[in-house]
Amino acid sequence: MSTEKVMSRPSPFVAGLQDGIPLLGGYIPVAISFGLVSLQSGFGVWETILISTLVYAGASQFTALGLWEQPTPVLTIIAVTLLVNLRHVLMGAALAPHIRHLPVWCRWSFLTVMSDETWATALNKAATAPLGAAYVMGVILPFYINWIIFSGIGIKIRRTLKE
């Protein structure tokens, strides 16, 4: 019987976490900044959390805030927000051959909350191994959840600074 330790590979979900989490360091300050700026722009706590949850696109969210401060029609804000995120169409097209085999729920989940970081992480992995649903979820969930959480932390910081 050998005394060597057998090293097991992490589950695909954990592998996705391990590949994605190091990139969160640059993501967190942007989410906090969004929370700070949203209150300054007149958004309330729940509106800020809602936009972070439903839109989940930093550049578009900051753009929408800038337009919101001015008397800009809502349809114009929506159109500009979509235009800012048009790059996601190209990103999704580049990733399509690598996610085509995944279940529909997984493909749509990924494409709905895909960010530059999650796209790059998945594309990098796809160059060496097929992407699985568990891996994809391990990559995207920390980014999505942390964007919402740290937007809320930005709100809390802004309120504390105002007191």
Those GluC sites (Glu not before Pro) in segment 1-98 that DSSP places in a loop and that have at most 15 other beta carbons within 10 Å: GLU4
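With charges set only on the Cβ (+1 for Lys and Arg, -1 for Asp and Glu), what does the dipole of segment 25-139 come to about its Cα centre, in debye to the nearest 20? Please report the intermediate quantities before stating the final value.
Working: 4 positive and 4 negative charges, 84 e Å.
That gives segment 25-139 a dipole magnitude of about 400 debye.
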With θ set to phi - 60° and the Karplus curve 6.51 cos²θ - 1.76 cosθ + 1.60, what are the ³J(HN,Hα) couplings of segment 43-54 in order, to the nearest whole Hz, using x for Gly and Pro? 6, x, 4, 5, 5, 5, 5, 5, 5, 5, 7, 8
Helix 24-40 axis, angle to the chain major axis (alpha carbon atoms, nearest 10°): 20
How far is the Cα center of segment 143-163 from the Cα center of segment 67-117, in Å? 23
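Between THR53 and HIS98, what is 0.36 nm times their sequence separation minus the Cα-Cα distance? Round to one decimal in nm.
13.6 nm
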Going by alpha carbons, how many degrees (0 to 90, nearest 10) lie between the helix axis of 74-84 and the longest principal axis of the chain? 40
How much length, in nm to one decimal, is gained on full extension between ALA129 and VAL89, taken as 0.36 nm per residue of separation minus their Cα-Cα distance? 12.1 nm
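Specify whether the C-alpha gyration tensor of the chain places it in the rounded, prolate or oblate class, a ≥ b ≥ c being the square roots of the eigenvalues: rounded for a/c under 1.5, otherwise prolate if a/b is larger than b/c and oblate if not. List each step's numbers first, then the result.
Values: a/c = 3.27, a/b = 1.64, b/c = 1.99.
Verdict is oblate for the chain.
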What longest range of the chain stays clear of loop-exposed trypsin sites (Lys or Arg not before Pro) (DSSP non-H/G/I/E/B, at most 11 other C-beta within 10 angstrom)? 6-99
To the nearest 0.05, the calculated FRET efficiency linking THR72 and VAL30 through their beta-carbon distance, R0 being 30 Å, is 0.85
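Where a number appears in this text, it was derived from the coordinates with a stated rule and is not lab data. Here the structure is a predicted model, which means the values were calculated and not measured. FYI the Cβ positions are ideal-geometry reconstructions off the backbone, even for glycines, and counts take in every protein chain you see.
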